[in-house]
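Values quoted throughout were computed directly from the atomic coordinates according to the rules given, and no laboratory measurement underlies them. Just so you know, these numbers come straight off a predicted model, no measurement behind them. No Cβ is skipped: glycine too gets one built from the backbone with ideal geometry, and neighbour counts run over all protein chains shown.
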Amino acid sequence: ISQNSFSDCAAGAISIGNHRQGTITVDDEKNPLCNKISIDNNSVYRMGQSYYSTVGIQVFYGSEIDIAHNDIINVANSGISVGWGWNTELVTTTEKIRIRNNKILFHSMMARDSGGIYTLGIQHQCVLEENYIKDNGYTQKGIYHDQGTANYTDSRNVLDLKFASYWTNDYSTK
């Protein structure tokens with residue numbers, strides 16, 4: 001998914017997978033897992049105009065997904081959200097997610113439980129690096145690793161926020 005422009009949408013721009021895929025594997029022929037997907041160089045502007053709970057780029061469950069060099073501006077909820085499920089003991093198939101070199105401006109304009117980049121649930125071998133996040137709305141969370149988030153390597157991200165914070169839920173680990 002490359003070099004697209006999304007603007008003034010009622011909901012979100014890009015959604016990968018669904019929230020029911022958490023226990024399947026890449027080799028499951030009946031319920032194939034979304035894998036080896038690149039989401040790059042897209043422009044996402046004014047998302048969630050009617051449905052405030054939607055995000056700019058959403059990945060529920062997936063493997064080997066690269067989210068890079070996207071401009072995400074003015075979204076009701078999180079700019080980028082990866083993962084699903086609040087169960088800290090569930091074994092998921094979400095792995096090898098790279099979120100890098102994205103620019104997120106004016107995020108969480110209508111939502112509080114969100115962040116410029118939001119993660120949820122156990123994931124494996126994931127990287128969050130060199131993202132720029134500026135001007136949050138109703139939340140103080142620039143990067144929000146919510147409940148159960150584990151196995152992320154975060155590096156060289158810039159939070160240029162009035163009330164900048166890097167947030168992890170009590171059940172999250174790194």
- Figure the gain on full extension for residue 132 and residue 156 (residue separation times 0.36 nm, minus the Cα-Cα span) and round it to one decimal in nm. 7.7 nm
- To the nearest 0.05, the calculated FRET efficiency linking residue 2 and residue 113 through their beta-carbon distance, R0 being 30 Å, is 0.50
